[in-house]
Amino acid sequence: MAEASLKEQLGNAVKNAMRNKDKTRLGTLRMAQAAVKQIEIDERRDLNDEDVLKVLDKMLKQRRDSARQYDDAGRKELADKEREEMAIIEEFMPAALAEEELDDLIRSAISATNAQGMQDMGRVMNELRPQVLGRVEMGHLSKKVRAALAG
């Protein structure tokens, strides 16, 4: 049997959270489902796993930013809530890339695009984006690409 799509996995996780009466998990998963459904309605198409990953990646970035802002404002309980939601969303993301793997992908992308310097950063990032989606924070990736192109 084929592995369930990311949308199906989300749906199953929602059902399990309902059975287990896990309100935080249920709320987070329903938010993710709603975000996916909204895009499907807006764009009048079914989202594939890559599209769903993009939605989840965006949700993670929003929570990361919110947690940082709450920490800066001294609102620990709100920052903790954001981190708890991040942990739930991260369960659906592919495994994070090790630094060595990321460095190898960057080297491959630079040679594949014949990048010569900083002016080629966009091409290198476009080459890398589908390979690393959900597996590395984009800010971290762009710093590493910038360093590789500058060096």
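Quick one: Kirkwood hydrodynamic radius for the chain, alpha-carbon pairs, angstrom, one decimal?
About 17.3 Å, per the Kirkwood formula over Cα pairs.
Using a 7 Å offset from the Cα along the Cα-to-Cβ direction at both GLN9 and SER108, what is the distance between the two label points in nm, to one decimal?
2.1
How much net charge surrounds LYS7 when only other residues with a Cβ under 11 Å from its Cβ are counted (Lys, Arg +1; Asp, Glu -1)?
Cβ neighbours under 11 Å give a net charge of -4.
Restricting to DSSP H runs of at least four residues, report the calculated mean residue ellipticity at 222 nm for the chain, -39500 (n - 2.57) per run over all residues, nearest 500 deg cm²/dmol.
It lands at -25000 deg cm²/dmol.
Report, in listed order, any pair from LYS21/LYS54; LYS54/LYS76; LYS15/LYS37; LYS37/LYS76; LYS37/LYS81; LYS7/LYS144 with a Cα-Cα distance greater than 20 Å.
Values: LYS21/LYS54 28 Å; LYS54/LYS76 28 Å; LYS15/LYS37 17 Å; LYS37/LYS76 31 Å; LYS37/LYS81 24 Å; LYS7/LYS144 32 Å.
Too far apart for the 20 Å limit: LYS21/LYS54; LYS54/LYS76; LYS37/LYS76; LYS37/LYS81; LYS7/LYS144.
Readers should treat all values here as calculations from the given coordinates under stated rules, not as data from a laboratory. Given the structure is predicted, the values throughout are model-derived calculations rather than measurements. Note that each Cβ is placed from the backbone with ideal geometry, even for glycine, and that neighbours are counted across all protein chains shown.
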